[in-house]
Amino acid sequence: MAEGESIGLDEYLAQLGELRLVEPVSLENLVGRLAPGATSRDLALLLAKGKYLTRYQAARILAGHGNGLRLGQYILLEEVGRGGMGRVYRARHEVMDRQVALKVLNRRLAKGQRAPELFLREVRAASKLHHPNIITAHDAWMNSLPFYLVFEFIEGPTLSTLVRNGGPLPFGLACEYVRQAALGLAHAHERGLVHRDIKPGNLMLKLGENPDDPGIVKVGDFGLARLYPGWQGNNEKEGDSIEVNAEAIIGTPDYLAPEQARSLHGVDSRGDIYSLGCTLYYLLTAKPPYPGDTTLEKVIKHGTEAIPDPRLIRPDVPGGVVEILRGMMAKSPEDRPATAREVAESLLPFVEASAISSHWEKKATSQDPDSGTGISPFGPSDQSTQDSLMDGLADPASEYGLDDEALRVFAEPPISLKRKRTEPFAWKQVSGQKALIGTAIVAAIGSILVWLLIKYLSR
C-alpha cells in the first residue's frame, strides 16, 4: 500500500473480522448505517465515535496494520508513552478483561544484544519486587518478537506530568510523595537492587477513589536497575545490568548523581537517594536543580556547584525540609542518608497529605475520551522531554506509519504514530545569511580604512 493511502472498505471489514474487536451484530448494524459509496474512513470514524474502537485502533486498521493490535492475549488500546527502548501501551487482557500497561521493546533494538539484555534485567528485577510503592509486574514475553513486559495499569499521571501541568506542589504534599517513593526504593535496596534512573517521570501517581486522597506514588521503569551478584538467584557473573563503556553516561542528566556520571557500575543505593533529592527539588520548584543546555553542562554542575536552595523560588519551604534536601543531594555519597528508609522517616514530620484534586484538576487540560480521564497514564512526553540517555540507544522511529489524511478523520487530539520528517536543512538560506554577514564585515572594514585615510591626509 503506497504511503498516503488507506485500505478499502472490504479489507477494513476483513481485518475487523480477524481481530474480533467488535461484536458481529454491532458491526452489521454500523455497516447498515453507512451511506452508499461510504469508504473505510467513514467506517473508521463511525467506530471511533461510537467507542467500539479507540482512535488508535481505528487508525491502525485504516493504515493496514491491524495485525499489530494483538500481542498474545493482549489487545492494544492506545499508545501512552515512549522512550529510548520502546513504547508503552494501554492494553486489555482478552480473557481476564483487565487493563494493563504493556511495555514493548522496539523490534529493531530487540535484534541487537544490548537492548534485550537491558530489557531482560528489567523483567527479572520487576518480577522480584512486591511493594505498594512499586509498580507491579504481571507478565512478560521474550520467546519471540516482539518482546514485552506487562505491568499494572496506573490511572494517573507521572509526577513530572503533574508538576508540568499544575505547577509546584505544596511542600507537605511533595514531602509525602517523596516519602512514599523512598519506601518503595527501600524495598528494592534491601533486596540488593539499585534503580539508577530515579526522576519525576519514573514516579507514577495512582489516584484514589476518594477526592481527598492524595494518591499512591509507585516507582516504575527499572530498565537501568542493577542486580547485585548472588541476589535471589542472580548469576554471580552477571552482577550489573549490562556492560557499558567506562565513558558512557547512562541515566537522566537532570537527576544524575555525580558518582554515576563517573561510573555507572560504581553507583549504589545512595545514588538513588541523590536522584530522589533532585526530584524533591523539582516538585517544590518545578525546575531541575541544575539546568543547562547540554548533558555535559548539567553533569559538571551536579559535581561542582553548590546545592541550590529551593527557598529562593519557594520561600514557604521549611528550613527542616531544606536540610533534608541538602543531605540527600550531598556531593559525596558518604554524606548522604545511609538508607532510603531513613529518608522516609526524616520527611514524616513535614508531611501534609492534602488532596491532589484541587491541584491537578484545576490546571489539567488534556482530556482523553478513550480512557475516560483527563490524565495520560505514563505521561506520553515524560521520557522524551527528560533527556533520558540509554548509552546511544535513540528513541526509535515508529514501526508503523499513518498518513495525515487518515489521522484527520479523528477528533482532536490527533494520534501521532509516525515520526515527523525533519525538514531539509535550508542551505540556501544559510548561505544567503553568510553572504549578508560577509558584506557587512567588508563594508565595516572599508569604512575603517576610509576613516584612517582621511585622518592621515588631514595631518
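Pairing each residue of region 201-214 that is free of Cβ contacts under 8 Å to residues at least 24 places away in the same chain and closer than 16 Å to GLY172 by Cβ with any residue that is outside any helix (DSSP H, G or I) and aliphatic (A, V, I, L, M), provided the two are 6+ apart or on different chains, yields no C-beta distance under 7 Å.
Sub-8 Å Cβ pairs linking a first residue in region 253-267 that is crowded, with 21+ Cβ neighbours inside 10 Å to a second residue that is basic (Lys, Arg) and modelled with pLDDT under 90, at least 6 apart or interchain, are GLN260/ARG196; LEU264/ARG196; VAL267/ARG196; VAL267/ARG226, ordered by first then second residue.
Go through region 316-338 and count every residue that is part of a loop (DSSP other than H, G, I, E, B), open to solvent by less than 30 Å² (accessible area, probe 1.4 Å) and of a type in the set (A, V, I, L, M, F, W, C).
Filtering region 316-338 for residues part of a loop (DSSP other than H, G, I, E, B) gives 316-318, 329-332, 336-338.
Applying the additional criterion that residues be open to solvent by less than 30 Å² (accessible area, probe 1.4 Å) yields 317, 329-330, 336-337.
This time we only want the ones that are of a type in the set (A, V, I, L, M, F, W, C), so: 317, 329-330.
Final tally of qualifying residues: 3.
Please work out if TYR52 is closer than 28 Å to PHE151 by Cβ, at pLDDT 90 or above, open to solvent by 10 Å² or more (accessible area, probe 1.4 Å) and assigned to a strand (DSSP E or B). Give the derivation first.
Values: closer than 28 Å to PHE151 by Cβ: yes; at pLDDT 90 or above: yes; open to solvent by 10 Å² or more (accessible area, probe 1.4 Å): yes; assigned to a strand (DSSP E or B): no.
The answer is no for TYR52.
Selection over region 269-307 of residues that are closer than 17 Å to HIS189 by Cβ and open to solvent by 40 Å² or more (accessible area, probe 1.4 Å) gives a count of 1.
Anything in region 115-151 that is under 28 Å from ARG341 (Cβ atoms), in a helix (DSSP H, G or I), open to solvent by 40 Å² or more (accessible area, probe 1.4 Å) and in contact (Cβ under 8 Å) with a residue 40 or more places away in the chain? List them, or say none. Within region 115-151, ARG124 is the sole residue that qualifies. Filtering region 98-114 to residues that are closer than 17 Å to GLY68 by Cβ and assigned to a helix (DSSP H, G or I) leaves ARG107, ARG108, LEU109, ALA110.
Would you check which residues across region 286-309 are outside any loop (DSSP other than H, G, I, E, B) and out of contact with any Phe, Trp or Tyr (no Cβ under 6 Å at 6 or more places or on another chain) and list them?
Our first condition is that a residue be outside any loop (DSSP other than H, G, I, E, B); within region 286-309, this holds for 295-304.
Selection gives THR295, LEU296, GLU297, VAL299, ILE300, GLY303, THR304.
Among the residues in region 152-161, are any open to solvent by less than 40 Å² (accessible area, probe 1.4 Å), under 19 Å from ASP272 (Cα atoms) and not in a helix (DSSP H, G or I)? Write out each step before concluding.
Within region 152-161, the subset open to solvent by less than 40 Å² (accessible area, probe 1.4 Å) is 152-154, 156-161.
From what's left, under 19 Å from ASP272 (Cα atoms): 158-160.
Retained after the next criterion (residues that are not in a helix (DSSP H, G or I)): 158.
For region 152-161, residues open to solvent by less than 40 Å² (accessible area, probe 1.4 Å), under 19 Å from ASP272 (Cα atoms) and not in a helix (DSSP H, G or I): present.
With respect to the conditions (1) within 27 Å of the chain's Cα centre (by Cα); (2) outside any helix (DSSP H, G or I), VAL343 lacks only one, and its number is (2).
Scanning region 53-95 for residues that are closer than 19 Å to HIS138 by Cα, of a type in the set (Val, Ile, Thr) and in contact (Cβ under 8 Å) with a residue 40 or more places away in the chain yields ILE75, VAL80, VAL88. Evaluating GLY72 against the criteria (1) open to solvent by less than 40 Å² (accessible area, probe 1.4 Å); (2) within 30 Å of ASN202 (Cα to Cα) leaves one unmet condition, (1). Within region 31-49, the residues that satisfy the criterion of being open to solvent by less than 50 Å² (accessible area, probe 1.4 Å) and not in a helix (DSSP H, G or I) are LEU34, ALA38. Residue count for region 165-196 satisfying the condition of being open to solvent by 10 Å² or more (accessible area, probe 1.4 Å) and either among the basic types (Lys, Arg) or not in a helix (DSSP H, G or I) (or both): 7. Residue count for region 46-70 satisfying the condition of being within 17 Å of ALA14 (Cα to Cα) and among the polar types (S, T, N, Q): 2.
The values are calculated or read from the model by the stated rules, or taken from the named source; none is laboratory data. Quick caveat, the model's predicted, so the values are computed rather than measured. Using ideal geometry, Cβ is built from the backbone for each residue, glycine included, and neighbour counts are taken over all protein chains shown. Quick note on the areas: whole protein, heavy atoms, side chains included, nothing else; ligands and nucleic acids left out. Shrake-Rupley method; radii C 1.70, N 1.55, O 1.52, S 1.80 Å.
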